[in-house]
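Data first, discussion second: the structure below is written as structure tokens.
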Amino acid sequence: MIDAVRGAAICLMIVYHFAFDLNLPWVGVLHTDFNNHVGWLAFRAVIVSAFLLTVGISLRLACEARVAPVRVWTRLVRVGLCAALVTVGSYLMFPRTFITFGILHCIVVCSLIAWPMAARPKLALALGVAAIAAGSLLRLPLFDSPALQWLGMMTHKPATEDYVPLLPWLGAVLLGIALAARLRLRQQPALVSTATTPAWARFLGRHSLLVYMVHQPLLLGALWLGFGR
């Protein structure tokens, strides 16, 4: 089920980014304000929520399976390196609005914070609700500082191509931990079963990081061939 949800989120993300690319000035097919359009904001929130919930679920399952910490840290280092590549690549393309704390950066930091709570789902649930409430309701000028923007709670969205702050999104990871514990407590085999999962969804889910890293260059390259010359 996890791979299927992650695979579905990848598909939705590709749709979102393709629409975003069609909105670029040099393409000009769409003319939409992605930062303020309610529909696109909701669509993006669904995608980010799906990714971060599965992060929390995976942390809980890794805890239950007693996965060696080195495997968890190795995965996080890999994601962190990809996050650094995203920052560099986005700077080359969008020097004024490059990505400093996007979805990959958020996954790394949230995982580091949430991993100690993977064995404490009730605490994760309480802190997850608190994180969502704080990130959704608090708007403090202090956090407008560039050094603190990654925390969230800003009075305005920073000028960046992707922004997934720690608050409220840490809450989604922590709720994923609590959800996984609840489903396992109720002995829901579908949580890890692949019996009814399409092969393409399993592939996308298991290779989500690779797909994330290559899909935008491929989309932009295809659009450049069609519109950039």
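Here are the numbers:
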| quantity | calculated |
| --- | --- |
| Neighbour-count ranking [beta-carbon atoms within 10 angstrom, fewest first] of Glu161, Glu64 | Glu64, Glu161 |
| Alpha-carbon Rg/Rh ratio, for region 2-227, with Rh computed the Kirkwood way | 0.97 |
| Pairwise label distance in nanometres, Arg139 with Leu123, each label 7 Å out on the Cα-Cβ vector | 3.4 |
| Packing rank of 27-38, 52-63, where each peptide gets the mean count of other beta carbons within 10 Å, highest leading | 52-63, 27-38 |
| Choice from Met154, Met93, Met213 showing the highest fluctuation, given a GNM over the chain with Cα pairs closer than 10 Å | Met93 |
| Order of Phe43, Phe227, Phe51 - criterion: other Cβ atoms within 10 Å of each residue's Cβ, fewest first | Phe227, Phe43, Phe51 |
| Footprinting exposure proxy for Ser145, Ser208, Ser111 (fewest neighbouring C-beta atoms within 10 Å first) | Ser145, Ser208, Ser111 |
| Estimated dipole of region 2-227 in Debye, rounded to 20 [Cβ of Lys and Arg +1, of Asp and Glu -1, Cα centre] | 900 |
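A short reminder: the numbers here are calculations on the coordinates, not readings from a lab. Just so we're clear, the structure is a prediction, and the values are computed from it rather than from any experiment. We place every Cβ from the backbone using ideal geometry, glycine too, and count neighbours over all the protein chains shown.
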